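See structure below.
Taken together, the values in this text are just the output of simple stated rules run on the coordinates, not laboratory data. All values reported here derive from a predicted model rather than from experimental measurement. Virtual Cβ from ideal backbone geometry, glycine too; neighbours counted across all protein chains shown.
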């Protein structure tokens with residue numbers, strides 16, 4: 001066997017010694033040098049552990065090699081430790097550590113919070129319990145939030161030590177904002193799961209108080225007196241898009257209202273400029289869905305980053321919206337009786353007080369829309385005359401498309417309208433040539449930005465009493481139509497180019513329940529304020545009872561009027577002869593027939609000048625249709641015998 005050079009007696013002896021059993025150290029608890037060397041991972045060139053020998057010393061080359069390896073390991077460990085601390089503490093890169101359990105442990109220790117188990121984070125617990133846990137976790141006493149330093153650019157103005165009011169969100173969930181300061185959770189009782197959206201809008205309300213009065217729901221609200229002023233209100237808004245009715249989630253509404261009340265009552269107000277008014281307050285919300293435009297208008301948004309939205313909310317507008325309480329079933333007209341003045345019914349003194357003390361008078365107007373044909377032309381002329389007869393001096397604005405002729409525009413101007421030409425908007429879900437094809441043109445109302453508030457009135461409505469008090473109500477205020485849905489025939493809106501763009505953006509995704517603008521708007525403005533039904537009194541007799549007809553016919557005939565307007569459903573008065581309501585002639589339209597309401601419309605027509613009457617002539621085609629309907633009514637043997645009435649309307653021979 002050939003001897004390897006350099007392997008002398010000493011080396012062989014050392015190798016033999018290494019094969020012998022090690023002696024146990026006589027000193028308890030003291031590790032042997034060899035064991036320490038193995039623990040440090042230092043190895044010799046031959047692959048054996050480097051350990052000191054009692055019989056011989058290491059060669060100079062082996063000693064230098066071992067020292068170099070130790071230094072290299074120490075340098076590597078030091079570099080790793082410094083790099084780890086730099087990543088942990090540096091704001092720019094700290095998000096890289098958010099994914100690891102180790103960083104969570106370090107952060108939890110640094111902020112001296114109680115660590116939640118890895119399987120259930122505080123954010124998850126908050127979402128699971130609908131925010132109750134988050135609110136409970138943050139005590140009423142302010143707790144400090146340390147700046148994590150990774151906020152989106154839009155939150156730059158939130159730098160500094162802030163006082164924050166937290167709604168349905170925990171302190172740990174604010175780390176993404178990169179803010180620091182004192183935070184207090186706004187504690188509130190979550191609305192019961194048994195509470196349904198329909199409970200907010202009871203379809204039947206005893207407005208005349210024939211019984212003991214309406215029973216109206218309320219949503220639990222916090223005791224705001226417990227909380228001090230805050231620089232910003234931060235909220236997490238629920239959004240469950242998997243539910244078809246996600247926009248009518250009562251808990252979602254509750255969180256919106258708690259946030260709005262906290263901002264209006266406790267938010268630090270910033271000068272809005274222009275003099276007067278209540279200033280603006282900061283609101284930051286996290287939501288996968290767009291916050292409710294009923295409370296947080298898109299033109300008050302100052303930034304968005306992912307699920308985070310920031311608003312500078314007009315306090316005066318917000319307070320006006322919040323003044324209308326739930327305890328009156330979204331109906332500020334649950335009065336004990338109807339007085340002689342609409343002011344008594346609406347009780348708008350509080351609503352208009354803020355407007356009266358503002359820096360400038362509010363710009364207000366009535367408006368209607370004509371498009372696609374001259375079907376409603378005559379109705380719009382009579383509508384303008386009825387508004388003026390009721391005593392209003394507000395501006396009258398008519399939005400019309402290219403189908404309105406110059407002679408027709410002259411008659412409209414003579415009636416009191418100020419015409420504005422628009423480009424009509426097609427309903428993408430409507431069939432071509434149908435009534436609903438261009439009814440989304442009504443969205444143009446939100447482009448009337450030279451007015452602060454607009455009361456829209458459909459052209460098939462006759463106004464009997466002054467509706468100016470409606471300008472004291474915020475967007476969107478209307479009369480109930482069916483359940484939690486409103487009728488868009490009379491509605492209060494607040495023009496906004498931003499709102500208009502939002503409506504246009506959603507017109508392809510939102511499905512209208514009736515295929516028209518009314519169904520669409522009900523999906524956008526789900527939290528609306530109910531007006532008494534007599535403000536927009538629908539001319540129908542759906543109950544088909546003698547008592548219903550007797551009551552409504554009396555209301556239509558009453559002088560002075562007991563309803564503020566009549567909404568003519570079915571065939572319109574100007575499409576019939578003045579002698580009687582031609583809805584009587586058609587079987588499925590008889591539920592809309594009323595001679596008293598019909599005569600009321602013609603009273604206004606009779607007082608108009610000839611220049612305004614000319615667009616109300618009947619076409620030859622329409623005269624033939626009326627004659628045919630009378631013939632069918634005679635064959636059907638309708639017992640009311642309206643088909644026998646002699647026609648005296650001069651339009652029959654014009």
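Looking at region 395-551, the DSSP beta bridges with both ends there are about 55 percent antiparallel.
Protection proxy ranking for 217-225, 310-318, 634-642, 583-591, using the average of other Cβ atoms within 10 Å per residue and placing the highest first: 310-318, 583-591, 217-225, 634-642. Going by neighbour counts of Cβ atoms within 10 Å, the residues 368, 545, 403 line up, fewest first, as 545, 403, 368.
Per residue, the average separation of C-alpha pairs within less than 8 Å and at least 6 apart gives region 360-532 a relative contact order of 25 percent.
Ordering 460, 450, 649, 401 by the number of other Cβ atoms within 10 Å of each residue's own Cβ, fewest first, gives 450, 649, 401, 460. Each part reduced to its alpha carbon centroid, region 561-622 and region 456-531 end up 25 Å apart.
The shape of region 457-546 can be summarised by an equivalent ellipsoid whose semi-axes, obtained from the alpha carbon gyration tensor, come to 24, 18, 11 Å from longest to shortest. The smallest convex shape that holds all Cα atoms of region 538-652, its convex hull, gives 110 Å³ per residue.
Note on residue 647 and residue 153: the extension gain reaches 170.5 nm, defined as 0.36 nm multiplied by sequence separation minus the Cα-Cα distance. Return, ordered by residue number, the residues of region 430-457 whose backbone nitrogen is under 11 Å from a label point located 7 Å along Cα→Cβ of residue 510. Flagged as within label range: 443.
For region 412-457, taking the reciprocal of the average inverse distance between every pair of different Cα atoms yields a Kirkwood hydrodynamic radius of 12.5 Å.
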